[in-house]
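The values are calculated or read from the model by the stated rules, or taken from the named source; none is laboratory data. Since we're looking at a predicted model, the values are computed, not measured. Cβ coordinates were reconstructed from backbone atoms using ideal geometry, including for glycine residues, and neighbour counts include every protein chain displayed. To get the accessible areas, we keep the full protein, side chains included, count just its heavy atoms, and leave off ligands, DNA and RNA. Shrake-Rupley method; radii C 1.70, N 1.55, O 1.52, S 1.80 Å.
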Amino acid sequence: MNSPANVAGSPAIDRDVPARVPERVPTDWKTGVMQKRIRRRYAAERRFRFFGLAAVVLSAGFLAFLLVTMLISGAGGFQRTLVALPIDFPTAGIEVKRSQLQGRGADLALAGAGVENAVNGAAAAAFGEDNRVISDSAWLTVRDAIKADPSILSRRVTIPVPAAPAVEEAAKADGDPQAEALVARLEQAGTISTGFNADFFKSADSTDPTAVGIWGALKGSLMTMLITLAIAFPVGTLSALYLEEYAPRNRWTDLIEVSINNLAAVPSIIFGLLGLAVFLGTLNLPRSAPIVGGLTLALMIMPVIVIAGRNAIKAVPPSIRDAALGIGASKVQVVFHHVLPLALPGILTGTIIGMARALGETAPLLMIGMRAFISQPPQGFADPATVLPVQIFLWSDQVSRGFIEKTSAAILVLLAFLLAMNALAIYLRNRFETRW
């Protein structure tokens, strides 16, 4: 009996023989078309490398311009001009007992004894009535000298006191011609000198640009950051552990994750309004205090810590968990003895980066009142205080030219603080990171 193929009149097909695949002709890379394609490919790669390098150079140039500008503008803020002021204390009329110079009442006793009037009289006798040579805060330097050595009240001494803002600017070649002529006369007399301003790191805010310091704002920043770290780090870390290791996967968990991601992108001033409503309006905490600032900033950076913590926990290999469970460890032991130590470098890095962001924030702290004039460094977490960004903002709004250098110097201190925190984050990651 004939096969269907034979019946149709067509040749028989052997289904066991594979069909022949046409041979592929090798690409000839030496043809003109292919050489043109290769040249275009190499040109595109060179353009990409050029634009990448240009972006890096441009970014580095902007950073260098910022740092150089701040260094040039702020270098003068770390210097102070002093004028040697001769004072004859026996004829100055300062009547104060030695016993009054001990304890907390010494400042009030010296102020009531007429130290400021004595200093102004000595300046008028030494430099003339019309010349404004010493600053308004010069008598505070004399007051401190009396407290340090009460014996000077019985003799004539020469005390270096801060120069007036106009004289200080002229001494740095940035003053008017009249002030520069006065500085030239003082230099000929050998009564003026310029040196490092150590009091800039030991004083607080003042209305006199020659007497302002950064210590009050720096101490307020440190205390605020301590409160922020003490609250945000444990709460954020435990939240990340629960969401990643214990929380069931359902709609509520998804809603929480979306909410955390959205909170990380909320503008910082919204957290300032939240702190104003909750901590000041409802809980009646002290206004402009580090504890309120720390609580507000903790709410702001907590979503960042949770996100960074979850990513660090996800990076721990599942084999670590399986091996721990295989030898009989409980779920808590697996999490806290194995997973958390391995994820800790990433969590710490995210925490420090969040802290650096909080250190540079101004808007939420302005909302809770940390923009007040603070003339004394805070002694406790409930005392009125300010922070470095707010202090820079307040000084930049001053009319006096003397605050310009102080503003740039404070910016340099803030940048040094931020660089130190980022360097700490890099060190912790390199120190504790485990490579798989």
Exercise for the section: May I ask you to verify whether SER396 is modelled with pLDDT under 90, small (Gly, Ala, Ser) and open to solvent by 60 Å² or more (accessible area, probe 1.4 Å)? Expected result: yes
Fill in the blank from the handout: Taking region 225-244 and keeping residues surrounded by 16 or more Cβ atoms within 10 Å (Cβ to Cβ) and more than 23 Å from MET421 (Cα to Cα) leaves SER239, LEU241, LEU243, GLU244
Completion exercise
Pairing a residue in region 213-224 that is touching a residue at least 12 places away in the same chain (Cβ under 8 Å) and surrounded by 24 or more Cβ atoms within 10 Å (Cβ to Cβ) with any residue that is assigned to a helix (DSSP H, G or I) and of a type in the set (Asp, Glu), where Cβ atoms lie under 8 Å and the two sit 6 or more apart in sequence or on different chains, gives none
Problem - Residue check for GLY346: within 21 Å of the chain's Cα centre (by Cα) and over 19 Å from ILE231 (Cβ atoms) - result: yes
Exercise for the section: State which residue pairs qualify: first residue under 14 Å from GLY350 (Cα atoms) and inside region 412-430, second residue part of a helix (DSSP H, G or I) and open to solvent by 50 Å² or more (accessible area, probe 1.4 Å) in any location, beta carbons under 9 Å apart, and separation of 6 or more residues or different chains. Expected result: MET421/ILE353; ASN422/ILE353; ALA425/ILE353; LEU428/LEU344
Fill in the blank from the handout: Counting only helices (runs of 4 or more DSSP H) entirely within region 82-187, those with at least 2 residues that are in contact with a strand residue (DSSP E or B) (Cβ under 6 Å, 6 or more places away or on another chain) and open to solvent by less than 70 Å² (accessible area, probe 1.4 Å) are 115-127, 138-148, 165-171
Problem - Enumeration of residues in region 364-409 that are touching a Gly at 6+ places or on another chain (Cβ under 6 Å), farther than 18 Å from ILE227 by Cα and of a type in the set (Ser, Thr, Tyr) - result: SER408
Handout entry: Members of region 341-391 that are open to solvent by 40 Å² or more (accessible area, probe 1.4 Å) and acidic (Asp, Glu)
Key = ASP383
Practice task
Test each condition in (1) free of Cβ contacts under 8 Å to residues at least 24 places away in the same chain; (2) farther than 28 Å from ALA385 by Cβ for ALA163 and report the one that comes out false.
Solution key: (1)
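Among the residues of region 288-307, is there at least one that is under 30 Å from LEU388 (Cα atoms) and outside any helix (DSSP H, G or I)?
For region 288-307, residues under 30 Å from LEU388 (Cα atoms) and outside any helix (DSSP H, G or I): present.
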